[in-house]
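Chemist: Submitted below is the structure of interest, expressed as C-alpha cells.
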Amino acid sequence: LDASVIEDLRCLQRPGQPDVYLGLVELFLETATLSAKAVNNSAISRNLVELDDAAHSLKSSAAIVGALRLSEICSALEAIGNGRSPIDDLDSLLNAFNDEFKVIDRALNALIDKA
Amino acid sequence: LISFLVDHETRAFRPARPSRTLENDIVNIDQQKEKLAAIRTLIVDDNAVDRRLVRLHLEDIGIKVIHEAVDGGDGIFKVENAREMSRPFHLIITDWKMPKKDGLAFLKTLRDVKVGPRVFVIMLTAVADLGPVKAALASGIDDYVVKPLVKDQLKLRILGALDKISV
C-alpha cells in the first residue's frame with residue numbers, strides 16, 4: 001500500500017468525522033471480491049469485453065486505496081481487454097493479479113480489523 | 001499528458017500553468033463560500049469508491065448539495081427529475097467509461113434535453129483514455145480531470161471555473 005496515497009487522503013479528513021481512508025477501504029472491500037471474480041471469469045473464458053470492464057473498475061478503486069501494483073496489473077489486463085495489448089500474456093498477468101489481490105485483500109482487512 | 005488542459009476558446013490542448021495551488025485559492029474559497037454551498041452537484045460514476053472520493057473533494061471546498069448516479073442512464077433520470085422539481089444541477093462530474101450508458105452517451109443526451117441553465121460538466125478519465133477527450137469536447141464537456149484524482153486537481157478546476165457555473 002502506497003503511503004503517499006494514504007497521506008494525500010488524510011488532507012480530506014475532518015475532525016470528528018469517520019476516518020476517510022478506512023471508509024474508502026471498506027467500500028473497496030465490499031466490491032473488490034466480486035470484481036476480482038469478474039476479472040477471473042472473463043479472463044478464463046477469454047471474454048475480452050467483460051475483462052475490459054472488470055479490470056477498468058478495479059484499476060481505479062485499487063489506485064484510490066493505494067494498491068498501486070494491483071492497479072497497474074488491472075491496467076495491463078484492461079489493455080488486453082480493449083485490444084491495446086496482445087492476449088499472449090493474459091495467463092501470467094492473471095496469476096500476478098490473483099497473487100497481488102490476495103496480498104492487498106489481507107492487508108486491507110487487517111487495517112479494518114485493527115481499527 | 002496530465003499537464004495538458006482544455007483551452008475553452010480554441011478547443012485545443014495547451015500546456016497547463018503549473019503555478020496554481022489550493023493555497024492560492026483559499027481566499028477564493030472564503031469569498032465564494034455562499035456560492036459553493038448553493039451549487040447543486042451530480043456525480044455520475046459506476047464505481048462506488050470513485051464516487052466517495054469525488055464527494056470528499058467536493059465537501060472539502062464547501063459544496064454541500066451532492067447527488068450520485070451509478071451510470072449515464074441513472075444520471076439522465078436524476079437530471080430530469082431535478083429539473084422537474086425546479087432544482088436543476090449546476091455542476092455535473094461524470095466518469096467516462098461506464099457500463100450501459102457511458103460518459104459520451106450521457107453527455108449527448110444531457111445536451112439534448114433542456115435542463116435549465118447550462119450545466120457545467122467535468123469529465124473524469126483515465127490517462128489511457130485521453131483520446132476520447134476530443135470526442136467529449138465535441139459533445140460539450142467544459143473540462144476534464146485525469147483519474148486517479150491527485151491532491152487538489154479537481155478542487156482547483158472547480159474553483160477556477162466558478163464564474164462559469166451559474167447558480
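Chemist: Looking at the range A:80-96, which of the residues that are surrounded by fewer than 18 Cβ atoms within 10 Å (Cβ to Cβ) and in a helix (DSSP H, G or I) is modelled with the lowest pLDDT?
Modeler: Ranking the qualifying residues of the range A:80-96, first place goes to A:D89.
Chemist: Looking at the structure I just gave you, is A:A110 of a type in the set (A, V, I, L, M), surrounded by 14 or more Cβ atoms within 10 Å (Cβ to Cβ) and at negative phi?
Modeler: no
Chemist: Would you pick out the residues in the range B:118-167 that are over 28 Å from B:E80 (Cβ atoms) and touching an Asp or Glu at 6+ places or on another chain (Cβ under 6 Å)?
Modeler: Selection gives B:K151, B:L159.
Chemist: Kindly list the number of the only condition in (1) surrounded by fewer than 17 Cβ atoms within 10 Å (Cβ to Cβ); (2) at positive phi that fails for A:G66.
Modeler: (1)
Chemist: Within the range B:35-46, can you find the residues that are open to solvent by 10 Å² or more (accessible area, probe 1.4 Å) and either part of a helix (DSSP H, G or I) or within 18 Å of A:L29 (Cβ to Cβ) (or both)?
Modeler: B:K35, B:A37, B:A38, B:D46 - these are the residues of the range B:35-46 that are open to solvent by 10 Å² or more (accessible area, probe 1.4 Å) and either part of a helix (DSSP H, G or I) or within 18 Å of A:L29 (Cβ to Cβ) (or both).
Chemist: Also, I was wondering about something else. Could you identify the single residue in A:D105, A:D53 that is open to solvent by less than 70 Å² (accessible area, probe 1.4 Å), in a helix (DSSP H, G or I) and among the charged types (D, E, K, R)?
Modeler: Going through A:D105, A:D53 in turn, the sole match is A:D105.
Chemist: Scan the range A:31-47 for residues that are more than 10 Å from chain B (Cβ to nearest Cβ), farther than 13 Å from A:L93 by Cβ and in a helix (DSSP H, G or I) and jot them down.
Modeler: Within the range A:31-47, A:T33, A:L34, A:A36, A:K37, A:A38, A:N41 meet the criteria.
Chemist: Pairs, please: C-beta under 8 Å, at least 6 apart or cross-chain, first residue in contact (Cβ under 8 Å) with a residue 12 or more places away in the chain and in the range B:39-53, second basic (K, R) and surrounded by 24 or more Cβ atoms within 10 Å (Cβ to Cβ)?
Modeler: Filtered contacts from the range B:39-53: B:D50/B:K147.
Chemist: Being closer than 16 Å to B:K97 by Cα and among the polar types (S, T, N, Q) is the filter; apply it to the range A:73-88 and report the residue that is nearest to the chain's Cα centre (by Cα).
Modeler: So the residue we want is A:S75.
Chemist: On to the next question. Go through the range A:68-78 residue by residue and tally those that are within 11 Å of another protein chain (Cβ to nearest Cβ) and either touching a residue at least 24 places away in the same chain (Cβ under 8 Å) or in contact with a strand residue (DSSP E or B) (Cβ under 6 Å, 6 or more places away or on another chain) (or both).
Modeler: Within the range A:68-78, residues that are within 11 Å of another protein chain (Cβ to nearest Cβ) and either touching a residue at least 24 places away in the same chain (Cβ under 8 Å) or in contact with a strand residue (DSSP E or B) (Cβ under 6 Å, 6 or more places away or on another chain) (or both) number 3.
Chemist: Can you tell me which condition B:V167 does not meet? The list is (1) among the β-branched types (V, I, T); (2) away from chain A (no Cβ under 14 Å); (3) open to solvent by less than 60 Å² (accessible area, probe 1.4 Å), and all the others hold.
Modeler: It fails just one condition, (3).
The values are calculated or read from the model by the stated rules, or taken from the named source; none is laboratory data. Note that the structure is a prediction, hence the values are computed from the model and not measured. With ideal geometry, Cβ positions are generated from the backbone for all residues, glycine too; neighbour counts draw on all protein chains shown. Accessible surface is based on the protein model in full, side chains and every heavy atom, while ligands, DNA and RNA are left aside. Shrake-Rupley method; radii C 1.70, N 1.55, O 1.52, S 1.80 Å.
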